[in-house]
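Reviewing the structure listed below.
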Amino acid sequence: MTLDLLIEGTLLWCGPQELIDGGAVGLSDGRVAWYGRAADAPEARRSVSGDWYLMPGVVDHHVHIAFAEPARLLRGGLTRVHDLAWPVDQVMPLAERSLLPGFDGPVVRSYGPMLTAPGGYCSRAEWAPEGTAWELSGLGQVDAAVARLAGLGVIGVKVALNAEAGPTLDDLMLGAVVDAAHRHGLPVAAHAQGRGQARRALLAGVDEFAHTPWTERIPEAEVAALARRCRMHSTLNIHASDGNGEGLDNAVANLGAFWRAGGDVRYGTDLGNGPIPEGVHAGEVALLAGAGLGPEDVLASMAGYRLRLGSRDGVIALGADPRENLAAVTDVRAVAVQNRVIGPGVSPGA
């Protein structure tokens, strides 16, 4: 095997408790094709190395990509992002382009628009252009809406359960959306806001929470049930940014309880909602640690849990060991994706 690109560092973090001193990662055809000790690496057409700490590329599981510059996201360490509500005629072509060689940005995956009740969130939100939400007024519309989304290539379906912003889908409609999505093999992510909405989402069988619930403390029994069946995107720092101290306290407590119960936590920032950096967010990382996740747990939530052969997420090179100082995840020296390497730590022509 001849690799297209080999990137070498001082240490390679492959996942929790899986470290390789003098590690390296090889890319071919835009995917991770090999990893191990640099001394054992196959021949490569191009090789770069540095006094770097390597880890899988970071995935932000909750963004609104239209509010960011893809090139800056990539240079900031994000190699894949999940867009959780935008008009299909804008976001799906971008998602397709992001898979092409030479695209200057992260891989973009999309949930398409948000499904909501007539007049519900975010059908009237100032930040959301027309088409960001699809309003469902009857059961007869559910199958067609979900089938259309599946045909467009979305990776999930997002439903609005924001009782503080307007009407929400009733339990019958919500259950129909979940059932239709599951028939198409798609997970359902809920924006649960307002008392009782997290419980409604749980009872309906949703698979993900687009945000850690923050409008109430989730009872222990519900947290345990959530941990058994759901993933949870963090998005903790949005409450710190807007000065919502009670919301921040609730979200951190809920995420910590969810994590301790064995729940699947995914790093997400809600990029586009306030002053969120175009790259790895130090504030979000710090709050994940504050919720009780250890350094490797935080890294796992950011990196899809471990390095995988065949992944398009590539690898990032940091200037220091993030296990010793989590702030190092913002010190991105190089990003290796799609058979190329970019970043301030890479010499031109290297």
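Here is a check on your reading of the model: is residue 175 more than 26 Å from residue 66 (Cα to Cα), of a type in the set (Gly, Ala, Ser) and out of contact with any Lys or Arg (no Cβ under 9 Å at 6 or more places or on another chain)? It is true that residue 175 is more than 26 Å from residue 66 (Cα to Cα), of a type in the set (Gly, Ala, Ser) and out of contact with any Lys or Arg (no Cβ under 9 Å at 6 or more places or on another chain).
Among the candidates 68, 133, the residue that is closer than 26 Å to residue 174 by Cα, hydrophobic (A, V, I, L, M, F, W, C) and within 22 Å of the chain's Cα centre (by Cα) is uniquely 133. For residue 112, the stated conditions hold: it is of a type in the set (Gly, Ala, Ser) and either within 23 Å of residue 187 (Cβ to Cβ) or in a helix (DSSP H, G or I) (or both).
The condition (being more than 16 Å from residue 269 (Cβ to Cβ) and assigned to a loop (DSSP other than H, G, I, E, B)) is satisfied by just one residue among 125, 95: 125. Across the range 227-242, the number of residues qualifying as within 13 Å of residue 284 (Cβ to Cβ) and out of contact with any helix residue (DSSP H, G or I) (no Cβ under 9 Å at 6 or more places or on another chain) comes to 1.
Summed over the range 62-77, residues that are surrounded by fewer than 24 Cβ atoms within 10 Å (Cβ to Cβ) and part of a strand (DSSP E or B) total 0.
Restricting attention to the range 1-34, the residues that are more than 14 Å from residue 307 (Cα to Cα), more than 25 Å from the chain's Cα centre (by Cα) and not charged (D, E, K, R) total 8.
Within the range 263-276, at least one residue is more than 14 Å from residue 55 (Cα to Cα), at pLDDT 95 or above and among the acidic types (Asp, Glu).
Among the hydroxyl-bearing types (Ser, Thr, Tyr), surrounded by 15 or more Cβ atoms within 10 Å (Cβ to Cβ) and touching a His at 6+ places or on another chain (Cβ under 9 Å) - does that describe any residue in the range 98-110? Looking for residues that are among the hydroxyl-bearing types (Ser, Thr, Tyr), surrounded by 15 or more Cβ atoms within 10 Å (Cβ to Cβ) and touching a His at 6+ places or on another chain (Cβ under 9 Å), one finds at least one in the range 98-110, hence yes.
Can residue 215 be described as closer than 30 Å to residue 290 by Cβ, at pLDDT 95 or above, among the β-branched types (Val, Ile, Thr) and assigned by TED's automatic domain parsing to the domain that holds residue 251? Judged against the criteria, residue 215 is a match. Strands (runs of 3 or more DSSP E) fully within the range 1-59 that include at least 2 residues being surrounded by fewer than 24 Cβ atoms within 10 Å (Cβ to Cβ): 5-8, 11-15, 18-21, 31-37, 47-49.
The values are calculated or read from the model by the stated rules, or taken from the named source; none is laboratory data. All values derive from a computational prediction rather than experimental measurement. A quick note on method: Cβ atoms are made from the backbone with ideal geometry, for glycine too, and the neighbour counts reach across all protein chains shown.
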